[in-house]
Amino acid sequence: APRRGEDYEVEIELSGEDASRGTGKEISLNLPSACRTCEGTGARPGASPQCPSCHGTGYVSRRAREAGGFFSVSTPCPRCSGSGVDPEAACPTCGGRGVEVRPRIIEVTIPPGTENGTVLRLRGQGGPGPRGGAPGDLRIRVRVPQAAPPEDLDVRRDVSIDLPTAALGGTVDVPLPAGTVEMKIPPGTQPGQQFRLSRQGRADGSGRRGDAIVTARVQIPTGLSDEERRHLEALRTGRSGAA
């Protein structure tokens, strides 16, 4: 009797953005399919596929005797080994199995809001049914990489700032994952002061991006020239007088 084909399961990976919004995907798989030579009958073209010994059932019955009477026992057909296909008429491509493995392109529609571990069932896309049976199903298991905690996406950078820039303000270039960013330094920036640059950190597969935390390292000059020393002394004297 015809039997239903096998179910198969494969796994695909989606980005968090595709899983959230929904998308369509084409996947290429090597799956058992009905043999193109015999169209799934298992017999070579023009030949009768039915085993003459079991009449295509794959089983033969014999009578056995036991105390109290006779009973019937069914065993796999010795001529066709239970396939139901006449071995002398077997298809040269599939060897009488009616099935061959070949590439198939499967179109999958991913609905919005799909979560990690979701299983989508494509009915009739599984293995072919032996002896004309209904095909099985193909299950698509969706894997969505888990997003990292927001703090794991943050990056930290130290930038060197000269004393005049720290005191008067200015700009400094900060190398970040998405490229170099020009950051504004406000007047009166203190050594070790931190600045947070929103959405300038690392990105994950879901489209989220962390922040950049930039620490100012104010460079105290050494080896001052006489003129530089006079300027600093004047600054110190002026600030002391103002106090």
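Tabulated data for the structure shown
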item: Top-ranked residue of region 182-231 - restricted to ones that are of a type in the set (S, T, N, Q) and touching a Ser or Thr at 6+ places or on another chain (Cβ under 9 Å), ranked as farthest from LEU163 (Cα to Cα); result: SER206
item: Cβ-Cβ under 9 Å pairs, at least 6 apart or on other chains, region 111-138 side at negative phi, far side outside any loop (DSSP other than H, G, I, E, B) and of a type in the set (Phe, Trp, Tyr); result: GLN125/TYR8; GLY126/TYR8; GLY127/TYR8; GLY136/TYR8; ASP137/TYR8; LEU138/TYR8
item: Selection status of THR171, out of contact with any Pro (no Cβ under 6 Å at 6 or more places or on another chain), among the hydroxyl-bearing types (Ser, Thr, Tyr) and touching a residue at least 24 places away in the same chain (Cβ under 8 Å); result: no
item: Any chance ARG79 is touching a residue at least 12 places away in the same chain (Cβ under 8 Å) and of a type in the set (Lys, Arg); result: yes
item: Wholly enclosed strands (runs of 3 or more DSSP E) of region 6-73 bearing at least 2 residues over 45 Å from the mean Cα position of the chain (by Cα); result: 59-66
item: Residue in region 156-172 that is surrounded by 15 or more Cβ atoms within 10 Å (Cβ to Cβ), at pLDDT below 90 and over 30 Å from HIS231 (Cα atoms) present; result: no
item: Residue identified as in contact with a Cys (Cβ under 7 Å, 6 or more places away or on another chain) and modelled with pLDDT of 80 or more among ARG121, ARG104, ARG62, ARG79; result: ARG79
item: The lone exception for ALA67 - which of (1) in contact with a Pro (Cβ under 9 Å, 6 or more places away or on another chain); (2) at pLDDT below 85 it fails; result: (1)
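The values are calculated or read from the model by the stated rules, or taken from the named source; none is laboratory data. Treat the numbers as computed from the prediction; the structure is a model and nothing was measured. Note: ideal-geometry Cβ built from the backbone for every residue, glycine included; neighbour counts use all protein chains shown.
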